[in-house]
Amino acid sequence: MPQMLNRFHSPVTHQPGGPLDAPLAAIGERLSVTADQVLLAWAKAKGAVVVTTSSKESRLKGYQAAGDLALTDDDIAKIDAAGAEGTKSGSAWKNVRAVAVVALYTIVASRVLNYFGFSFI
């Protein structure tokens, strides 16, 4: 049975200074992609389905291109380790806020997809 994640951090790449910065920057530089593309490729490698949106066409194209990225096992391990380090300082309010942000993004994404002719039933 698929596992539902109950913890989301969004937008990760807009909060500099965290433990994910170094591995995301190094992997992104090696692959010539952005940190958000690396995170999307990591989520895909983990078997997760990511719901995201943007008002910028260039960012949306980058999100699509992230589906073709192939991370190494070492890349995935480095991101996992950095993410585990970051969860040590989390709080309950951060979790509540993160869930609210994800819910909002999900609503916005569904409306954007609906606008382009995709419907959910």
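Remarks
- Residues of region 18-48 that turn out to be in a loop (DSSP other than H, G, I, E, B) and among the small types (Gly, Ala, Ser), as a count: 4
- Subset of region 52-78 (residues that are in a loop (DSSP other than H, G, I, E, B) and under 12 Å from LEU31 (Cα atoms)): ASP68, LEU69, ALA70, LEU71, THR72
- A Cβ distance below 8 Å, combined with a sequence gap of six or more or placement on separate chains, defines the contacts here; from region 34-58, residues that are within 19 Å of VAL108 (Cα to Cα) and in contact (Cβ under 8 Å) with a residue 40 or more places away in the chain reach residues that are surrounded by 13 or more Cβ atoms within 10 Å (Cβ to Cβ) and aromatic (Phe, Trp, Tyr) in the pairs VAL51/TYR105; THR52/TYR63; THR52/TYR105; THR53/TYR105.
- If you go through region 52-85 and keep only what is at pLDDT below 85 and surrounded by 13 or more Cβ atoms within 10 Å (Cβ to Cβ), you end up with THR52, THR53, SER54, ARG59, LEU60, GLY62, TYR63, ALA65, ALA66, GLY83.
The values are calculated or read from the model by the stated rules, or taken from the named source; none is laboratory data. Because the structure is a prediction, the values reported are computed rather than measured. Positions of Cβ are generated from backbone atoms using ideal geometry, with glycine treated the same way; all protein chains shown enter the neighbour counts.
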